[in-house]
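Notes to accompany the following structure.
All of the numbers you see were taken from the coordinates with simple rules; none came from a lab. These numbers come from a predicted model, not from an experiment. Neighbour counts are summed over all protein chains in view; Cβ atoms, including those assigned to glycine, are modelled from backbone coordinates with ideal geometry.
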There are 2 protein chains.
Amino acid sequence: MASFEHPYVPRDLELHGYVPCFLSQSEIVAPYLGISVVVVALVWILSGRVPKISGLDRLLMCWWAFTGLTHIILEGYFAFSPEFYKEKTPFFLAEVWKEYSKGDSRYAGRDSVIVTVEGVTAVIEGPACLLAIYAIATKKAYRHTLQLAICLGQLYGCLIYFITAFLEGDNFSTNQFYYWVYYIGANCWWILIPSLIARRSWKKINAAFQAEKKTKAN
Amino acid sequence: MASFEHPYVPRDLELHGYVPCFLSQSEIVAPYLGISVVVVALVWILSGRVPKISGLDRLLMCWWAFTGLTHIILEGYFAFSPEFYKEKTPFFLAEVWKEYSKGDSRYAGRDSVIVTVEGVTAVIEGPACLLAIYAIATKKAYRHTLQLAICLGQLYGCLIYFITAFLEGDNFSTNQFYYWVYYIGANCWWILIPSLIARRSWKKINAAFQAEKKTKAN
């Protein structure tokens with residue numbers, strides 16, 4: 001079998017048995033975005049049937065479906081597939097990580113912190129996101145607590161992700177394009193959106209305690 | 001200057017300029033436990049002056065003082081002292097980490113995941129623990145949310161800490177004694193206690209939402 005040279009940085013990263021991407025960037029990104037749009041549209045339509053639900057809660061259900069399925073399917077595949085870069089067929093999930101590794105070669109290089117953060121995200125946070133959809137739909141008392149907990153987990157994961165790369169010299173991207181589009185661009189949403197949701201959940205919980213205080217005072 | 005051989009595992013870990021511990025194990029552990037007992041006793045006594053406070057809340061204030069100061073002082077020193085193992089004086093904080101590295105050499109070896117987790121713990125969670133003491137004493141609406149958030153951060157940190165070591169072969173202890181007493185024994189409290197507090201905070205928050213629901217129903 002022919003041996004292929006990998007496109008990742010640092011150049012001295014050893015990846016025996018590496019097989020290049022079969023699909024182009026657009027052939028990988030378009031289906032991911034396409035399926036995500038379908039999932040979001042489905043959740044939006046179905047959530048419209050939930051009685052007395054706000055538009056914001058419906059939007060949140062869409063987000064939790066998108067991020068939960070991304071955690072479980074995409075990140076779950078990565079966490080438990082140490083040899084994805086050797087995949088000899090155009091299997092979509094392997095292609096995603098072969099391509100994303102151009103933005104962060106620690107994925108192909110199986111860096112233990114990446115595997116750990118992705119594993120925790122896939123196994124704990126992913127199912128918790130799907131539970132959040134159910135909790136919002138059925139107005140469970142724990143719905144804001146659960147959303148806050150998941151957001152804090154996502155934010156903690158991002159902190160670990162970016163700080164470890166920084167401490168190790170921040171030299172894991174093939175070039176500036178992949179650095180800004182994949183490494184920064186794809187991840188910044190998981191800082192921005194969880195920050196906003198965590199802030200909202202925090203306020204909702206505080207309001208509940210203030211209501212409880214009043215109840216006790218009466 | 002004479003060059004010293006380090007006592008850590010793996011044996012091929014390179015630590016140029018390593019200077020051995022000046023203090024014995026008991027000279028390091030006893031002051032830490034002693035000062036901790038003093039801090040806990042002080043917080044216990046002072047918290048007795050807070051009107052209408054439960055014994056459990058006073059205990060929690062003691063815990064947050066102990067763990068908060070440990071995060072800020074001990075872990076904060078480690079996070080920002082990359083050359084602690086070269087310390088030529090019996091400076092207590094350097095001695096702590098020279099000694100603890102026998103249980104986990106990733107500390108002396110400056111593993112980026114350890115520096116990141118300790119840095120986040122020292123800079124974010126440490127001050128948050130001290131804020132929790134104030135929040136409990138003044139019965140702030142956010143006191144349970146804050147405690148839950150810190151506990152989840154501590155638990156996430158422990159998960160990353162143990163899983164990365166496991167993925168890298170779990171071979172960072174000088175011997176079985178240090179493995180069980182330092183690596184497992186010293187850390188297991190930060191899984192056990194945050195789990196218990198998180199569970200309690202979760203329940204308290206749910207109860208507040210149920211009370212709020214009743215208020216709205218009336």
Residue-count net charge about A:LEU192 - beta-carbon cut-off 14 Å; Lys, Arg +1, Asp, Glu -1: +2
Pairwise label distance in nanometres, A:LEU13 with B:LYS203, each label 7 Å out on the Cα-Cβ vector: 4.7
Inter-label distance for A:TYR142 and A:TYR32, nm, one decimal - labels placed 7 Å from Cα along Cα-to-Cβ: 3.1
Square roots of five times the Cα gyration tensor eigenvalues for segment A:172-218, Å: 44, 6, 4
For segment B:42-129, radius of gyration divided by Kirkwood radius, i.e. Rg to Rh on alpha-carbons: 1.11
Within straight-line cross-link reach of A:LYS213, aspartates and glutamates at Cα separation under 15 Å, skipping those fewer than 8 residues along the same chain: B:GLU212
Simple label model, 7 Å out from Cα along Cβ direction - A:VAL40 to B:LYS52, nm: 4.7
Cα convex hull of the protein assembly as shown - mean projected area over all directions, nm²: 24.5
Pseudo-label separations to other copies for A:TRP180 - Cα-to-Cβ vector, 7 Å, nm: 5.6
Burial ordering of A:TYR100, B:TYR142, fewest other beta-carbon atoms within 10 Å first: B:TYR142, A:TYR100
Once exposed loop GluC sites (Glu not before Pro) are cut out (DSSP; at most 13 other Cβ, 10 Å), longest piece of chain A: A:84-218
Coarse-grained scattering of segment B:1-40 at q = 0.20, 0.21, 0.25, 0.30 Å⁻¹, given as base-10 log I(q)/I(0) from a Debye sum over alpha-carbon atoms: -0.72, -0.74, -0.84, -0.98
Calculated FRET value between A:LEU192 and A:PHE22, using beta carbons and R₀ = 35 Å, to 0.05: 0.60
Segment B:49-93: proportion of alpha-carbon pairs further apart than 18 angstrom, %: 50
Average projected area [Cα convex hull, chain B], square nanometres: 13.8
Nearest-ten-degree value, helix B:126-137 long axis tilted from longest Cα axis of chain B: 30
